[in-house]
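These notes concern the structure reproduced below.
The values are calculated or read from the model by the stated rules, or taken from the named source; none is laboratory data. Because the structure is a prediction, the values reported are computed rather than measured. Heads up, the Cβs are rebuilt from the backbone with ideal geometry, glycines too, and the neighbour counts pull from every protein chain shown. Quick note on the areas: whole protein, heavy atoms, side chains included, nothing else; ligands and nucleic acids left out. Shrake-Rupley method; radii C 1.70, N 1.55, O 1.52, S 1.80 Å.
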Amino acid sequence: MQRRQFVQAVGAGSALGALGLVSGCASVGGSSAKVVVVGGGYGGATAAKYVRLWSDYGIDVTLVEPNAAFVSCPLSNLVVGGSKTMADITTPYDNLVKRHGVKLVRDSVTTIDADKRVVKLASGADLPYDRLILSPGVDFMWDSLPGMNKPGAQDAVLHAWKAGPQTLALRRQLEAMPDGGVFAIAIPLAPYRCPPGPYERACQVASYFSKAKPKSKVLILDANDDVTSKGPLFKKAWAERYKGILEYRPKHNLVDVDVAGRTLKFEFNDDLKADVLNVLPAMRAGAIAVKTGLATANKRWCEVDFLTHESTVAKNIHVLGDSIQVAPLMPKSGHMANQHGKVCAAAVVALLSGRQPNDMPIYNNTCYSFVSAEDVVHVSSVHRYDATKKTMLTVPGSGGVSSAANELEGRIAMGWARNIWADTLA
Ligand SMILES: Cc1cc2nc3c(=O)[nH]c(=O)nc-3n(C[C@H](O)[C@H](O)[C@H](O)COP(=O)(O)OP(=O)(O)OC[C@H]3O[C@@H](n4cnc5c(N)ncnc54)[C@H](O)[C@@H]3O)c2cc1C
């Protein structure tokens, strides 16, 4: 690897666990080793780029992703709130191809043959691999909400929890809602993708209503006993900024949706009718991981060896990002998926080069939440591998939270987004 590239890679905010890497000759049977990456989101795109970089472009990397461009969930709540556009959160994949020589295949993986080390694509083609990296994100457990399985239901009641067409569609529903209407967001029991994300969304909708539809209301119906992330900070923002507009109701476990009647049905609480429903169903690992038998924790999440991200049940298959069974206090976040991507890339390069992976990976995480179009609160943490417990543990004294929402952190959050998009995709 050229020194300049190495310095760029590390300087771009690499997982500390990758430090100390030296490139090696990664070949299998005399030809370049082959890595296939499934999913070009925060975890997969990062892993694809860094396997190329850290193998000194010696490992052949193919990234399979059905979407034409990367659309970021972080900041997508600002599109729902109306202060950002879809263009602001969309980045093309071009640089992964042009600068890093990643082979991009616009397709979906339908099956994985772990014995033969081949993935099959929806188009019918086969892709062989030496190591497979899976970062398919989350999928929704619709069976837990029978009404959402009726024809047309999922087009009428949106989740907007995968940034893309639904993000804009939810914005349109809010614009079409008359002043005096009610927006209700239902939050599933943790763990789910992005713990603070639903509360940020509620803030964004309340911010929009306070300016454009002041007679309207936001209701948060949370299956959890309390706000799952940055609770005191969100509650302070709600009391100071959105009093009379936003109401938080914990212990509301959603069990069904009457889509035609725009009504939420709960395990113990009264039914609730609203004008715009935003339902976040229970989540699990991306469907391809579940179908391949990798979701060994409660049939929902994929257990991995945190030194390499290799699945505990399938050799040569590494799983990243939201799909994994997280370590204690590890959030399902884009920042964390990016860190997984680098630790996994470093391990895959080492394994394919006949070297031992780093035995002390360290991750950091910061999640910023916009409580208005400008003001932000954050939570941060550092996680280090514990060889005795064989998991990642938070480093005592690391991390922390904001003292209150502020505009400076709003600017820092925008810088965070630009940096992580560049680190992942540029
Ligand atoms: C509203 C919202 C706000 C958020 N805000 C933040 C934030 O501020 N900060 C933060 O750090 N995180 C945030 N997150 C969380 C973050 O988006 C996720 O944690 C992150 O995207 C996880 O990365 P991933 O690689 O696991 O999944 P994704 O980024 O979702 O990528 C998965 C990719 O896999 C592809 N895929 C799936 N199945 C297949 C298949 N069979 N074949 C090929 N490709 C496939 C998908 O098309 C997708 O592109 C937010 C999430 C939401 C919903």
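Structural remarks
- Residue satisfying all of: in the stretch 44-70; out of contact with any helix residue (DSSP H, G or I) (no Cβ under 8 Å at 6 or more places or on another chain) and of a type in the set (S, T, N, Q); farthest from the ligand (Cβ to nearest atom) among these: THR62
- Only residues that are open to solvent by less than 50 Å² (accessible area, probe 1.4 Å) and either in contact with a Cys (Cβ under 9 Å, 6 or more places away or on another chain) or in a loop (DSSP other than H, G, I, E, B) (or both) were counted in the stretch 142-151, giving 1.
- Some residue of the stretch 44-56 being at pLDDT 95 or above, over 30 Å from LYS211 (Cβ atoms), open to solvent by less than 60 Å² (accessible area, probe 1.4 Å) and among the acidic types (Asp, Glu): no
- Index of the failed condition, ASN365 passing every other in (1) assigned to a helix (DSSP H, G or I); (2) within 30 Å of LEU246 (Cβ to Cβ): (1)
- Only one of ALA404, ALA422 that is closer than 30 Å to GLY82 by Cα and more than 17 Å from the chain's Cα centre (by Cα): ALA404
- For the stretch 310-330, the count of residues that are modelled with pLDDT of 95 or more, within 21 Å of GLY197 (Cβ to Cβ), in contact with a His (Cβ under 9 Å, 6 or more places away or on another chain) and part of a strand (DSSP E or B) is nonzero.
- Residues located in the stretch 214-229, provided they are closer than 16 Å to ILE185 by Cβ and among the basic types (Lys, Arg): LYS217
- Residue check for ARG262: open to solvent by 30 Å² or more (accessible area, probe 1.4 Å), of a type outside the set (Phe, Trp, Tyr) and under 20 Å from the mean Cα position of the chain (by Cα): no
- Which listed residue, of ALA190, ALA160, is near the ligand (Cβ under 9 Å from one of its atoms) and part of a loop (DSSP other than H, G, I, E, B): ALA160
- Members of the stretch 335-384 that are open to solvent by less than 10 Å² (accessible area, probe 1.4 Å), under 15 Å from GLY400 (Cβ atoms) and within 10 Å of the ligand (Cβ to nearest atom): ASN365, SER369, VAL376
- With respect to the conditions (1) in contact (Cβ under 8 Å) with a residue 40 or more places away in the chain; (2) more than 13 Å from the ligand (Cβ to nearest atom); (3) open to solvent by 10 Å² or more (accessible area, probe 1.4 Å); (4) not charged (D, E, K, R), VAL227 lacks only one, and its number is (1).
- The residue that is most open to solvent (accessible area, probe 1.4 Å), among those in the stretch 73-88 that are assigned to a loop (DSSP other than H, G, I, E, B) and hydrophobic (A, V, I, L, M, F, W, C), is CYS73.
- When the test is whether a residue is of a type outside the set (Val, Ile, Thr) and surrounded by 17 or more Cβ atoms within 10 Å (Cβ to Cβ), MET392 passes it.
- Each residue in the stretch 270-306 was checked for being buried (at least 17 other Cβ atoms within 10 Å of the Cβ) and among the charged types (D, E, K, R), and 3 of them qualify.
- Per this entry, ILE362 is counted among residues that are closer than 29 Å to ALA33 by Cβ and of a type outside the set (D, E, K, R).
- Residue match in the stretch 176-187 (condition: of a type outside the set (A, V, I, L, M), in contact with a strand residue (DSSP E or B) (Cβ under 8 Å, 6 or more places away or on another chain) and either open to solvent by 40 Å² or more (accessible area, probe 1.4 Å) or part of a helix (DSSP H, G or I) (or both)): no
- Per the conditions (1) surrounded by fewer than 20 Cβ atoms within 10 Å (Cβ to Cβ); (2) closer than 28 Å to THR91 by Cα; (3) in contact (Cβ under 8 Å) with a residue 40 or more places away in the chain, the sole criterion not satisfied by GLY197 is (1).
- Criterion: farther than 25 Å from ALA153 by Cα and within 15 Å of the ligand (Cβ to nearest atom) - qualifying residue of VAL304, VAL290: VAL304
- In the stretch 41-55 there is no residue matching the filter, namely being assigned to a strand (DSSP E or B) and closer than 25 Å to LEU351 by Cβ.
- Residue selected from the stretch 307-329 under the condition open to solvent by 10 Å² or more (accessible area, probe 1.4 Å) and of a type in the set (A, V, I, L, M, F, W, C), by the criterion nearest to THR228 (Cα to Cα): LEU329
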